[in-house]
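*Asks:* Sharing a structure below in C-alpha cells format, with a few things to ask.
None of the figures in this text is laboratory data; all of them are computed from the coordinates on show. Given the structure is predicted, the values throughout are model-derived calculations rather than measurements. Counting neighbours? That spans all protein chains shown, and the Cβs are built from the backbone with ideal geometry, glycine included.
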Amino acid sequence: MYQKAVTSCVFGIMSIFLPFIGIILGWVGILFANKALGKLSTEEPGYRFALGGKVCSILGICLQFCILIFILAAYFFFMNLNLFM
C-alpha cells in the first residue's frame, strides 16, 4: 500500500551517497514522496517513510549541488594558477 513511500525513502538515501547520480535520484525521490504524501494520511505508517524520503531527497540534492559547485570552483581555481608551467 505504501510502496511509493518506501521507494522515495530509498531514492532519498541513495541520493545522499551516490555522487552526481544523486541529483537525478533526489528528484525521483521527491516525485515519489509527493505522490505518496498525497494518498496517505498522517496516521498511516507509510507517511513517515514518505516524509523521510522527501527530506533525504532534498538533502541529497543540496549536498550534490554543493559538491558540484566545489569541484567546479576548484577546477577553475587551479587552472588559473599555472602550476605546471
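*Asks:* Out of (1) surrounded by fewer than 14 Cβ atoms within 10 Å (Cβ to Cβ); (2) touching a residue at least 12 places away in the same chain (Cβ under 8 Å), what's the single condition that is false for Tyr75?
*Replies:* The number of the failed condition is (2).
*Asks:* What do you reckon, is Leu59 exposed (fewer than 15 other Cβ atoms within 10 Å of the Cβ), part of a helix (DSSP H, G or I) and either β-branched (Val, Ile, Thr) or out of contact with any strand residue (DSSP E or B) (no Cβ under 9 Å at 6 or more places or on another chain) (or both)?
*Replies:* Against the criterion (exposed (fewer than 15 other Cβ atoms within 10 Å of the Cβ), part of a helix (DSSP H, G or I) and either β-branched (Val, Ile, Thr) or out of contact with any strand residue (DSSP E or B) (no Cβ under 9 Å at 6 or more places or on another chain) (or both)), Leu59 does not qualify.
*Asks:* Now for a separate question. Has the stretch 43-56 got at least one residue that is out of contact with any strand residue (DSSP E or B) (no Cβ under 8 Å at 6 or more places or on another chain), surrounded by 18 or more Cβ atoms within 10 Å (Cβ to Cβ) and hydroxyl-bearing (Ser, Thr, Tyr)?
*Replies:* no
*Asks:* What's the number of the condition Glu43 fails, among (1) charged (D, E, K, R); (2) without any contact (Cβ under 8 Å) to a residue 40 or more places away in the chain; (3) part of a helix (DSSP H, G or I)?
*Replies:* With respect to (1) charged (D, E, K, R); (2) without any contact (Cβ under 8 Å) to a residue 40 or more places away in the chain; (3) part of a helix (DSSP H, G or I), Glu43 is out only on (3).
*Asks:* Would you mind stating whether Leu37 is farther than 19 Å from Met14 by Cα and out of contact with any strand residue (DSSP E or B) (no Cβ under 9 Å at 6 or more places or on another chain)?
*Replies:* Against the criterion (farther than 19 Å from Met14 by Cα and out of contact with any strand residue (DSSP E or B) (no Cβ under 9 Å at 6 or more places or on another chain)), Leu37 qualifies.
*Asks:* Quick one: how many residues across the stretch 1-58 are in contact with a helix residue (DSSP H, G or I) (Cβ under 6 Å, 6 or more places away or on another chain) and farther than 25 Å from Ile69 by Cα?
*Replies:* Number satisfying all stated conditions: 17.
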